[in-house]
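These notes concern the structure reproduced below.
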Amino acid sequence: MPNDDPVKTVLVALMLCLVCAVAVSVAAVTLRPLQERNKDLAFKREVLEVAGLYRPGADIEALYQQIDARMVDLATGEYRPDLDPGTYSPQAAARDPRTGLAIPPANDLAGIKRRSRFVPVYLVHEDDQLRLIILPVYGTGLWSTMYGLLALRADADTVAGVSFYEQAETAGLGAEVANPKWQAGWVGKRIYDDTDEVRFHLVKGGVTGQGEAAAHDVDALSGATLTSNGVTDLVRYWLGDEGFGRYLAQVKQPEGSG
């Protein structure tokens, strides 16, 4: 065919599209294990950072040996040793009717609609004593689902650290959930009041005063009311009876005590 033949032009274009499509597909399949590996390492680093165990330049896998990862049945608060937290995906499990459940709208404070029945927790021990409990939490903000890790001290109440490692909120406003300076304001705050009700919340205008009320309050994000409300709601959901409430109650009062 002559070079100016329209049919030839279309055929060449189709062949180029086919070659490019094959190349992209091969690259995606080939690189997927590396992408999954990098994603796994990034998450383990987040766990180590919120636990205060991360050291720049150190071997993440070696440091992660200090983390005791376990699966919890949220309905009972008990561990599930038959499930592997290293391979279990709560997001995928939430979509599966066998392992996930629909959250009634009246109870869905976090705005996630469905959740897995089983969720991982990450424990840090020191001299055979529980030091930290790290809980994965997530919920909707203004524009995105915010994924975070909340570290509690051994009393299963006092915040030791927090990290929001994945979100797409407004830059300079809601995206400040990822700001370490703001996250530092969580440390030492208490989640529950004396009746074991979730009292924690972000306060518009900033925390004022001292005492019992301030013990549960964190400054809201300036100019980001809906994101701040989303953070308050996701903590209240995941630390309540719909989330880790039953599990944390068992941590506070181990079997055989009282």
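The values are calculated or read from the model by the stated rules, or taken from the named source; none is laboratory data. Bear in mind that the values here come from a model prediction, so they are computed numbers and not experimental data. Counting neighbours? That spans all protein chains shown, and the Cβs are built from the backbone with ideal geometry, glycine included.
Please go through the range 159-193 and pick out each residue that is assigned to a helix (DSSP H, G or I) and either of a type in the set (Asp, Glu) or not assigned by TED's automatic domain parsing to the domain that holds residue 137 (or both).
Correct list: 176 only.
Answer yes or no as to whether residue 142 is in a loop (DSSP other than H, G, I, E, B), surrounded by 16 or more Cβ atoms within 10 Å (Cβ to Cβ) and touching an Asp or Glu at 6+ places or on another chain (Cβ under 7 Å).
So residue 142 fits the description; yes.
Let's see how each residue does on (1) touching a Gly at 6+ places or on another chain (Cβ under 6 Å); (2) of a type in the set (S, T, N, Q); (3) buried (at least 18 other Cβ atoms within 10 Å of the Cβ); (4) within 21 Å of residue 50 (Cα to Cα):
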site: 191; (1), (2), (3), (4): no, no, yes, yes
site: 198; (1), (2), (3), (4): yes, no, yes, no
site: 204; (1), (2), (3), (4): no, no, no, no
site: 212; (1), (2), (3), (4): no, no, no, no
site: 244; (1), (2), (3), (4): no, no, yes, yes
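Determine which member of the set 95, 80 is surrounded by fewer than 16 Cβ atoms within 10 Å (Cβ to Cβ) and basic (Lys, Arg).
95
Could you tell me whether residue 18 is aliphatic (A, V, I, L, M), outside any loop (DSSP other than H, G, I, E, B) and at pLDDT 95 or above?
Answer is no for this residue.
Just to be sure before I move on: is residue 222 assigned to a helix (DSSP H, G or I) and either more than 27 Å from residue 41 (Cα to Cα) or in contact with a Phe, Trp or Tyr (Cβ under 8 Å, 6 or more places away or on another chain) (or both) in the structure I sent?
Details: assigned to a helix (DSSP H, G or I): no; either more than 27 Å from residue 41 (Cα to Cα) or in contact with a Phe, Trp or Tyr (Cβ under 8 Å, 6 or more places away or on another chain) (or both): yes.
So residue 222 does not fit the description; no.
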